[in-house]
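**Q** Supplied in structure tokens, the structure appears directly below.
The values are calculated or read from the model by the stated rules, or taken from the named source; none is laboratory data. This is a predicted model, so every value here is computed, not measured. Neighbour counts run over all protein chains shown; Cβ positions are idealised from the backbone, glycine included. Side chains are part of the model used for accessible areas, which takes the heavy atoms of the whole protein and leaves out ligands, DNA and RNA. Shrake-Rupley method; radii C 1.70, N 1.55, O 1.52, S 1.80 Å.
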Amino acid sequence: MQTIINQFVYFAYFQSLFLLFIYLFSPKNRKNINGYLAFLIVLLAVGLTGRIIYISEVFGQNFRFYSFSEFSILMFGSTIYLFTRSSLTGKKFKPADLLHYVPGIIYILVIVFYFMIPSDQVIGERFKSGELFRTITLLVGIGLAFNLTYWVLSCQLFFNTKKKLRNELSYSIKTKFFSNFLIAIGLCLLCWMVIYFISTQGYETIERNARRTIWLSIALIILFIAYYGMREPELFKVSEQVKAKKYQQSKLSITELDNLKIELEKLMIEKKPYLNRKLVKSELSEMLGISNPEIARLLNERIGMNFFEYVNYYRIKEFVELAKSQKVENLTFFGLAQEAGFNSKTTFNKSFKKLMGMPPKDYFYN
């Protein structure tokens, strides 16, 4: 088993070096890939370097080189969060972001002065007294709590952004790949947490061996994401899907909102803007001659739907009309849905079932 793990360590190490080489010497990939994702690869390379030196026994089985591999542990969580934030919101790096790495730097200093600098005799005495185990348990617990906290913040940011997109876009964007990334990291951290609590009951060897496997799994996940970040960079550029304009807050009266509701319904029926599969809220507000906050208020207060629901409501109505026409003889249900403005089969099915209470086939054939 240990041999297999070591082979994965070598694979991950050389893969990280390969990706860094591509990033450094390929202007196209350097432009496409997220900078935080590149930094994650650097962290992996640093962490895996210590493990490569240790398992290869170039300098003997000196635990100090293995401690070197722990340098990046408190850097992962904060970098994953900053990567998530930059991908979802488009926020660029600011010097204040370096504060997220202060705990990681302190952690590195503790490892250096407590594990690497002291002599073998001092380390041996700490081991015999149990102090070494208690310190390791404390540090591992801090690392686990730190990374879990940043993972939770990343998930909150992801769900909040998805909710915001439903108020700005009338179509679905590809976020599943991104969500799977967070799920995979979360599962690794969950396994680590379970094993950590087992170790507090006196099974420290299990935790120590398992933690190596967990971090190797995280390394492979990040390398996989980095690979796709270079191949399909649009997967991680969610923020570019929405370029909403900034307006002052809505000051419309109730009567004006009622009149705008009538105008909006007339616009939707006569001009059918919902047939545009990439329709965004700012485009519809411009067609109506009002601001983004005003149309948002109109939808929320007078219609009771968000933008995504409202546009797809008209698309479903259009689909039903098309399904009753001769076009049904030449097109599938999804083909008709595309004619009605849908760009996703999943979105179409969910929207139809929510509005009609049943799937399309049951609605037309029962």
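**Q** From the phi angles alone, apply the Karplus equation (6.51, -1.76, 1.60; θ = phi - 60°) to region 114-120 and give each ³J(HN,Hα) in whole Hz, x where the residue is Gly or Pro.
**A** Karplus values, whole Hz, x for Gly and Pro: 9, 10, 9, 7, x, 6, 4.
**Q** Taking the alpha carbon gyration tensor of region 87-192, what are the square roots of 5 times its eigenvalues, largest first, to the nearest whole Å? Provide the component values of the computation, followed by the final result.
**A** Values: eigenvalues 328, 54, 16 Å².
Semi-axes, largest first: 40, 16, 9 Å.
**Q** Could you rank Asp97, Asp258 by how accessible they are, 1.4 Å probe, largest area first? If you can, show how the numbers build up before the last one.
**A** On the way: Asp97 10, Asp258 65 Å².
Sorted descending by solvent-accessible area, the residues read Asp258, Asp97.
**Q** On the full set of protein chains, 1.4 Å probe, figure out the accessible area of Val140 and give it in Å² to the nearest 10.
**A** About 10 Å², ignoring ligands and nucleic acids.
**Q** Further question: Show me, for region 339-349, the HN-Hα J-couplings you get by feeding each phi into the Karplus relation (A = 6.51, B = -1.76, C = 1.60, θ = phi - 60°), rounded to Hz, glycine and proline as x.
**A** Values per residue, Gly and Pro as x: 4, 7, x, 6, 10, 9, 5, 5, 4, 4, 4 Hz.
**Q** Anything over 19 Å Cα to Cα? Flag those among Lys317/Lys353; Lys281/Lys354; Lys91/Lys162; Lys163/Lys278, in the order listed. Mind dumping the intermediate values first?
**A** Numbers: Lys317/Lys353 13 Å; Lys281/Lys354 21 Å; Lys91/Lys162 16 Å; Lys163/Lys278 17 Å.
Violating the 19 Å Cα-Cα cut-off are Lys281/Lys354.
**Q** Please state, rounded to one decimal and in Å, the Kirkwood hydrodynamic radius that region 256-305 gives when every pair of distinct Cα atoms enters the mean of 1/r. Present the calculation step by step, with values, prior to reporting the outcome.
**A** Working: mean 1/r = 0.0912 Å⁻¹.
Every distinct Cα pair counted, the radius reaches 11.0 Å.
**Q** Right, next: Averaging over all projection directions, find the projected area of the Cα convex hull of region 58-138 and quote it in nm² with one decimal place. Provide the component values of the computation, followed by the final result.
**A** Details: hull surface 28.4 nm².
Reported value for the Cα convex hull: 7.1 nm².
**Q** Can you give the FRET efficiency for Ile269 and Ala145, using 1/(1 + (r/R0)^6), R0 = 35 Å, r = Cβ-Cβ distance, to the nearest 0.05? Present the calculation step by step, with values, prior to reporting the outcome.
**A** Details: r = 56 Å, r/R0 = 1.59.
So, using R0 = 35 Å, E works out to roughly 0.05.
**Q** With θ set to phi - 60° and the Karplus curve 6.51 cos²θ - 1.76 cosθ + 1.60, what are the ³J(HN,Hα) couplings of region 179-188 in order, to the nearest whole Hz, using x for Gly and Pro?
**A** 3J(HN,Hα) across region 179-188, in whole Hz: 5, 5, 4, 5, 5, 4, 5, x, 5, 4.
**Q** What are the principal axis extents of the Cα atoms in region 243-338, in Å, biggest first?
**A** Result, largest extent first: 49, 28, 20 Å.
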